[in-house]
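Only one structure is covered here, and it is reproduced in the block below.
None of the figures in this text is laboratory data; all of them are computed from the coordinates on show. Everything quoted here is computed from the prediction, not taken from an experiment. All Cβ positions, glycine included, derive from the backbone under ideal geometry; neighbour counts span all protein chains shown.
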Amino acid sequence: MIDVNKALELIEKNGTFLTAVQEMALPQALGFVLAEDIISTLDMPPFRQSAMDGYALRIGKNNSYSVIGEIKAGDNKNLSLKMGEAVRIFTGAPVPDSADTVIMQEKIIQDQGYISVEGSIEADLNIRPKGEQIHRGEIALKKGTTLKGAHIGYLASLGFTTVKVHLKPSVALVITGNELVPLGQLLPQGKIYESNGAMLTAVLTELGYKNVSSVSVKDELENTKGALLNAMETHDIVLVTGGISVGDYDYVGKALKAIKVEKVFYKVKQKPGKPLYFGKKESTSIFALPGNPAAALSCFYIYVFPLLKQIEGASVTQLERITMPIIKDYIPKGNQPQFLKARVLADGVEILSGQSSAMLRSFGVANALVFLPENTGQITQGEPVKVILTP
Ligand SMILES: Nc1nc2c(c(=O)[nH]1)N[C@H]1C(S)=C(S)[C@@H](COP(=O)(O)OP(=O)(O)OC[C@H]3O[C@@H](n4cnc5c(N)ncnc54)[C@H](O)[C@@H]3O)O[C@H]1N2
Ligand code: MOO
C-alpha cells in the first residue's frame, strides 16, 4: 500500500501522453488548454485613453480653462491644446498628446465655454497610458493555461480570433456490478440503481470532457475482460467502477492482468478509496475506482482530475489547495489519512456529517475536501486544516 503523495507522483510520472493540438475559435476554446504561448500583436490600450467622462487639460497658471473642442470614444482626433486650454472628453476616448491630465466632470464648474476646476490639479489623472495592460511583443498568456471566460475576453480584446489548444482526452467508463439496475426500471429486492455512470458522466461534462462513453458489465471475468480491452483500445483514459476489492466476485483486477495492463499501483493508504488501482497500456491510462459512489468521486477529484489536466498539457494540474481554520471541533474516525467532504464558508471550513463512502448526500452540499494526514487526533475550532477546493 502506498501513500497519497506517492500515488500522485506515480500518476504524474506514468501519464506522459499528450493529446493532439487543434486551432479553435475563441468562445469555443473555453475550458481548453493553450498549446503555445500567445504573444500580443497590439499595445493595449492601443492609444492614451481617458478613464473618465470629463475634461482633458493642458495645465495652466490658474484653475480656469477655455474649452476648445470635444473628443468622444471612437473619435480619431488629436487636438492641440495650449496652456490653459481644455477639451471635453469621454471615457474610452483618445487623450490628445498635448493634454497633461483628465479631470472628471464632477470636479468642475461650467461657465459658457470655460470651466473652473475645484481643488488642486495634478498631472496624469484618469489617463490609461498606451500599452498600460500589455505591450506588443509581450506574452499575453502562457502555454498550459486552462482558458476561463476572462481569458477569452482578454484574448478577444487583443484581437485574437483563434488559438491553438490541446484536444480534450476521451474517457471510457466501465461500470461493474451484478446488483446494479439501470435508471428507469423497477428496483427488485437486493438491487440498487446504477449511479456511478451518471455521476462520472455529469462531473466530466461539467469539467468540459464531453467525449465520454459508458458500458455496464456483470461481475464475470470474460465480459469484464472484453469491455476493458475495448475501452482501452478506443479511449485515452478508462475509469472502471466497482469490482476492484478482494471479494470473490471482484473481477476487475483479474481482468486487467489477463489483458496485460501494466499495474502502476493498487491500494492507497487513505479513506475513502483504499482499493484504488492505476495502470497503463500503451498510451491509455486506467483507473479502477472503488464502487462506493463517494469514494469513486473523491478519487476522481484527487487522482483522475490531475491526469486529465496533465495529458491535455495544463501547467496547473491539481485542484486548488488552501489552508483554512476549521469552524467546529472534529474527531476523526480512524487514523488513516482521510479526505473529508467539507464546506468552505466565509469564516472557515466545516467538515460535514455523513462521511460514509456509500453516501453522496453530503457531497452535494460540499464544495471542498479536507485532507487530514495519518494519526490526526481531535481538531479544535480555529485550527488550520488543508482544504482542496472541488469544482
Ligand atoms: N474484505 C474487505 N472488504 C472490503 C475492503 C477491504 O479492504 N477488505 N474494502 C472496502 C472498501 S474501502 C471499498 S471502497 C469497497 C470497494 O469495493 P469494490 O471497488 O470492489 O466495489 P464493489 O464491491 O463493487 O461496490 C462497493 C459498493 O458500491 C456500490 N456500487 C458499486 N458500483 C456502483 C454503481 N455503479 N452505482 C452505485 N453504487 C455502486 C456497491 O453496490 C457496493 O455497495 O470494498 C470494501 N470491501
Ligand atoms: O475506501 Mo472505501 O472507499 O472507504 O469505502
- Most fluctuating residue given options Lys267, Lys218, Lys333, as computed from a GNM of the chain linking Cα atoms under 10 Å: Lys333
- Item | Histogram of C-alpha separations across the range 289-391, 10 Å bin width, % | 16, 46, 31, 7, 0
- Task: Report relative contact order for the chain in percent, whole number only (criteria: Cα-Cα under 8 Å, sequence separation at least 6).
- Result: 16 percent
- Task: Kindly state, to the nearest 0.05, the FRET efficiency for Ala73 paired with Asp329, given R0 = 51 Å and r defined as their beta-carbon distance.
- Result: 0.35
- On full extension of the chain, what length is gained from Val181 through Glu206, given 0.36 nm per residue of separation minus the C-alpha to C-alpha distance? 6.6 nm
- Task: Report, in degrees rounded to the nearest 10, the 0 to 90 angle that the Cα long axis of helix 196-206 makes with the longest principal axis of the chain.
- Result: 20 degrees
- Given the Cα-Cα distance of Asn367 and Gln318 and 0.36 nm per residue of separation, how much length would full extension add, in nm? 16.1 nm
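Where does each of His166, His135 land when they are ranked from fewest to most other beta-carbon atoms within 10 angstrom?
His135, His166
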- Query: Using a simple spin-label model with points 7 Å from Cα along the Cα→Cβ vector, what separation in nm is obtained for Phe47 and Lys254?
  - Reply: 7.7 nm
- Relative to the compact-globule scaling 2.2 N^0.38 Å, provide the ratio for the alpha-carbon radius of gyration of the chain. 1.39
- Query: Cα axis of helix 221-234 to longest principal axis of the chain: angle in degrees, 0 to 90, nearest 10?
  - Reply: 30 degrees
- Query: Based on DSSP, what percent of beta bridges with both residues in the range 321-389 are antiparallel, to the nearest 5?
  - Reply: 95 percent
- Quick one: longest stretch of the chain between exposed loop GluC sites (Glu not before Pro), exposed meaning at most 16 other C-beta atoms within 10 Å and loop per DSSP? 37-117
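Given a Förster radius of 35 Å and the C-beta distance between Ser213 and Asp3 as r, what FRET efficiency does 1/(1 + (r/R0)^6) yield to the nearest 0.05?
0.60
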- Note on the structure: In terms of the alpha carbon gyration tensor, root eigenvalues a ≥ b ≥ c, rounded if a/c is under 1.5 and otherwise prolate when a/b exceeds b/c or oblate, the range 202-281 is oblate
- Item | Förster-model FRET efficiency, 22 Å R0, Phe90 and Tyr114, C-beta, rounded to 0.05 | 0.70
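Could you size up the charge dipole of the range 321-389 around its Cα centre, putting +1 on the beta carbon of Lys and Arg and -1 on that of Asp and Glu, and report it in debye to the nearest 20?
In debye, rounded to 20, the range 321-389 gives about 240.
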- Task: Working from Cα positions, state the angle (0 to 90°, nearest 10) between the long axis of helix 4-14 and the longest principal axis of the chain.
- Result: 80 degrees
- Task: Calculate, in nm to one decimal, what Lys386 and Ser283 gain on full extension: separation in residues at 0.36 nm each, minus their alpha carbon distance.
- Result: 33.8 nm
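Please list the equivalent ellipsoid semi-axes of the range 170-248, computed as the square roots of five times the alpha-carbon gyration tensor eigenvalues, in descending order and whole angstrom.
21, 17, 10
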- Query: How much net charge surrounds Thr146 when only the other residues with a Cβ under 15 Å from the Cβ of Thr146 are counted, with Lys and Arg +1 and Asp and Glu -1?
  - Reply: +1
- Item | DSSP-defined antiparallel bridges as percent of all bridges, the chain, nearest 5 | 70 percent
